[in-house]
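Enquirer: Below is one structure. I have some questions about it.
Every number here is computed from the coordinates shown, using simple stated rules; none is lab data. None of the values given here were measured: they were computed from a predicted structure. So basically every Cβ, Gly included, is an ideal-geometry build from the backbone, and we count neighbours across all protein chains shown.
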Amino acid sequence: MTAQLSISGKPIADDAPVFITAEIGINHNGNLDLAKELIDVAVAARCDAVKFQKRTPEKCVPRSQWNVRRETPWGTLTYMEYRYRLEFDAAAYREIDRYCKQREIIWFASCWDEQAADFLTEFSVPCFKVPSACLTNDSLLRYVRLLGRPVILSTGMSTLAEVRHAVSVLGADKLILLQCTAAYPTEPEELNLRVIPSYRKLFGCPVGYSGHETTLSTTVAAVALGARYVERHITKSRDLWGSDQAASLEPEDLGRLVRDIRIVEQALGDGNKRVYDSELDAMRRLRGNSTADTRWKKRSV
């Protein structure tokens with residue numbers, strides 16, 4: 001890996017702990033109290049950050065969908081009315097900012113358009129996330145690059161040619177590139193985790209993983225394959241209303257995931273074969289070599 005960068009002072013690198021983000025996204029359903037509860041869940045699990053999503057509905061929703069009516073927990077609404085029910089305003093984000101500082105956790109958000117990026121800039125977020133849906137939006141990519149902060153790019157629903165082009169627009173010096181499959185939830189056979197080492201070889205930037213599966217082991221496997229950043233959606237309950245709830249982790253599972261990632265980080269080691277002190281007694285017993293400790297203790301191959 002040739003490029004290294006950090007988020008709020010936490011390095012994204014092979015010799016640093018995996019950066020773990022709890023994606024609240026829109027699972028707060030427009031409820032600030034629920035958003036705070038989800039922040040608490042992430043803090044309890046020892047995540048590094050929480051992430052939200054910020055859109056300007058007029059820019060992100062096709063005009064043909066504006067007046068389409070749909071059933072919601074708030075009654076029958078047009079799609080635009082529904083989108084605005086899910087969008088926190090500046091006052092809400094000021095409270096999120098205050099609360100995250102109080103709980104000592106980093107926060108940032110996916111920006112779906114340039115206006116949303118400007119909105120987030122006012123809160124001095126440490127980085128920008130560009131969602132898979134916006135990977136082909138060159139205008140947005142160029143805009144966030146000019147803002148000069150690290151950019152996290154998900155690559156779901158994208159061909160390798162499209163990913164190459166997006167990286168060329170963003171540049172690799174402040175980029176974290178995420179393997180992602182944009183199905184909610186994703187079946188294991190469609191996760192394609194071996195893309196992670198492929199990205200590492202191809203792009204020379206930190207590589208991570210954004211998962212939408214319901215399992216934990218597959219995300220842990222992503223870390224074993226070289227992911228230095230991990231992102232999973234979280235929820236208080238998968239039974240809550242919302243399009244992302246089924247692909248989200250409930251509090252207990254989030255805690256297990258963070259625990260298992262930290263264990264696997266330790267287990268991966270540094271790649272240098274050695275004999276550990278804990279093996280010396282077995283060496284003496286099984287090989288009958290009384291000089292095992294002096295011959296092997298300092299030896300590594």
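Enquirer: What nm distance separates the two modelled labels at D239 and A90, each placed 7 Å from Cα along Cα→Cβ?
Expert: Spacing of the two 7 Å Cα→Cβ label points: 4.0 nm.
Enquirer: Based on the alpha-carbon gyration tensor of the stretch 162-290 and its eigenvalue square roots a ≥ b ≥ c, which shape applies: rounded if a/c is under 1.5, prolate if not and a/b is larger than b/c, or oblate? Don't jump to the answer; show the numbers that get you there.
Expert: Details: a/c = 3.13, a/b = 1.52, b/c = 2.06.
Note, shape of the stretch 162-290 comes out oblate.
Enquirer: May I pose another question? Putting +1 on Lys and Arg Cβ atoms and -1 on Asp and Glu Cβ atoms, find which of V18, V151, Y84 reaches farthest to the positive end of the dipole of the chain.
Expert: The residue sitting farthest along the positive end of the dipole is V18.
Enquirer: When you count, for each residue, the other Cβ atoms within 10 Å and take the mean per peptide, how do 111-121, 273-283 rank with the highest first?
Expert: Peptide ranking by packing, descending: 111-121, 273-283.
Enquirer: Let me ask something else about it. Does a label point 7 Å from the Cα of R142, set along Cα-to-beta-carbon, have any residues of the stretch 107-125 with amide nitrogen under 20 Å, and which are they?
Expert: From the stretch 107-125, the list is 111-119.
Enquirer: Nearest 5 is fine: what % of DSSP beta bridges in the chain come out antiparallel, could you say? All intermediate terms of the calculation are to be shown ahead of the outcome.
Expert: On the way: 8 of 39 bridges.
Beta bridges within the chain, antiparallel portion: roughly 20 percent.
Enquirer: So how much slack lies between E190 and R70, counting 0.36 nm per residue of separation and subtracting their Cα-Cα distance, in nm? Mind dumping the intermediate values first?
Expert: Working: separation 120, 0.36 × 120 = 43.20 nm, distance 3.00 nm.
Gain in length upon complete extension: 40.2 nm.
Enquirer: A follow-up question, please. Net charge within 14 Å of L254 by Cβ-Cβ distance, Lys/Arg positive one each and Asp/Glu negative one each, not counting L254 itself? Could the numbers behind the result be given before it?
Expert: Working: positive: R46, K51, R232, K236, R238, R256, R259, R262; negative: E23, E37, D40, D48, E213, E231, E250, E252, D253, D260.
Every neighbour counted, the sum reads -2.
Enquirer: Counting only C-alpha contacts under 8 Å and six or more residues apart, can you give the relative contact order of the chain as a whole percent? Before the final figure, lay out each step's value.
Expert: On the way: 524 pairs, mean separation 56.9, N = 301.
Once normalised by length, the contact order is 19 percent.
Enquirer: In debye, nearest 20, what is the charge dipole magnitude of the stretch 10-269 about its Cα centre with +1 on Lys and Arg Cβ and -1 on Asp and Glu Cβ, if you could check? Show your work: numbers first, answer last.
Expert: Details: 32 positive and 34 negative charges, 98 e Å.
Using Cβ point charges on Lys, Arg, Asp and Glu, the stretch 10-269 gives about 480 debye.
Enquirer: Continuing with this model, one more query. Report, in deg cm²/dmol and to the nearest 500, the calculated mean residue ellipticity at 222 nm for the chain, where each DSSP H run with n ≥ 4 adds -39500 (n - 2.57) and the sum is divided by the residue count. Display every interim value, and only then the final one.
Expert: On the way: 12 runs with 115 residues, N = 301.
After summing the helix terms and dividing by the residues of the chain, the value is -11000 deg cm²/dmol.
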